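This report refers to the structure that appears directly beneath it.
The values are calculated or read from the model by the stated rules, or taken from the named source; none is laboratory data. It should be emphasised that the depicted structure is a prediction, and the values quoted were computed from it without experimental measurement. Backbone-built Cβ (ideal geometry, glycine too); neighbour counts: all protein chains shown.
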């Protein structure tokens, strides 16, 4: 195992040299969101391992490989992270904090002002089996508490994985969010936009982030058109080694989503 990871780490160094870019270990700007962007792509690791089972060097390798992949395709390194499996502890948190501005879990409820720890961001899972009464309750409670609600799911299809949801259910969620947004009761934002407001705010305001994990192809084929039809923007936490694999996003699709176009 040690020999394998030594080879991997050497490969990472070579990739960095070839790119001619020193991987940043700290954010370079207070602002993480470019308003001209269409879709927000963030970090969900390079190979989707349990971070708590890795050494510090292996965690760094995962994050630096993500940075390298983004840079190789003309993008700045992502500044927000979702822990694979929600697996984190204080040691993992400390390493991730050197590379990202936030770390999202896969449980909890919502954040109220002030956010106590950006590296323990709470989130609620949207699944095919999640009832509408529960979803509506999340959103209504977010409005009442002027909170930051992060709803996440995985693939979106008629027959999703146990961690995904259906197009019909996602559309129902988005329609309700649009209704409340038009009433001036909340704002649907990307993770980067949420951070830019909440990290400097003096009070809470109702915001909802809807995000998608694991770089499923349905982010482009199904999710993206649903958001575009409602003039909304979302966030995808991508696993960079998955890109281009069967049923996963391609870098070409990522580019189109970032530019706000669909082909």
* When the stretch 189-206 is examined, which residues are found to be crowded, with 23+ Cβ neighbours inside 10 Å and closer than 20 Å to residue 224 by Cα? -> 189, 190, 191, 192, 194
* To do: Report yes if some residue within the stretch 85-103 is in a helix (DSSP H, G or I) and farther than 22 Å from residue 59 by Cβ; otherwise report no.
  => no
* Is it the case that residue 76 is surrounded by fewer than 15 Cβ atoms within 10 Å (Cβ to Cβ), over 30 Å from residue 183 (Cα atoms), in contact with a helix residue (DSSP H, G or I) (Cβ under 8 Å, 6 or more places away or on another chain) and at pLDDT 95 or above? -> yes
* Considering each of 173, 95 in turn, give the residue that is over 29 Å from residue 228 (Cβ atoms) and surrounded by 15 or more Cβ atoms within 10 Å (Cβ to Cβ). => 95
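For the stretch 69-84, which positions are within 22 Å of residue 38 (Cβ to Cβ) and not in a helix (DSSP H, G or I)? Spell out the reasoning first.
First, the residues of the stretch 69-84 that are within 22 Å of residue 38 (Cβ to Cβ): 69-82.
Passing the criteria: 73, 74, 75, 76, 77, 78, 79, 80, 81, 82.
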* From the set of residues in the stretch 215-263 that are free of Cβ contacts under 8 Å to residues at least 40 places away in the same chain and closer than 17 Å to residue 65 by Cβ, which is surrounded by the most Cβ atoms within 10 Å (Cβ to Cβ)? -> 249
* To do: Kindly indicate the residue of the stretch 139-191 that is without any contact (Cβ under 8 Å) to a residue 24 or more places away in the chain, in contact with a helix residue (DSSP H, G or I) (Cβ under 9 Å, 6 or more places away or on another chain) and outside any strand (DSSP E or B) and also farthest from residue 217 (Cα to Cα) among those meeting that condition.
  => 140
* To do: Hey, can you tell me all the residues within the stretch 107-139 that are surrounded by fewer than 16 Cβ atoms within 10 Å (Cβ to Cβ) and under 13 Å from residue 205 (Cα atoms)?
  => 112, 113, 114
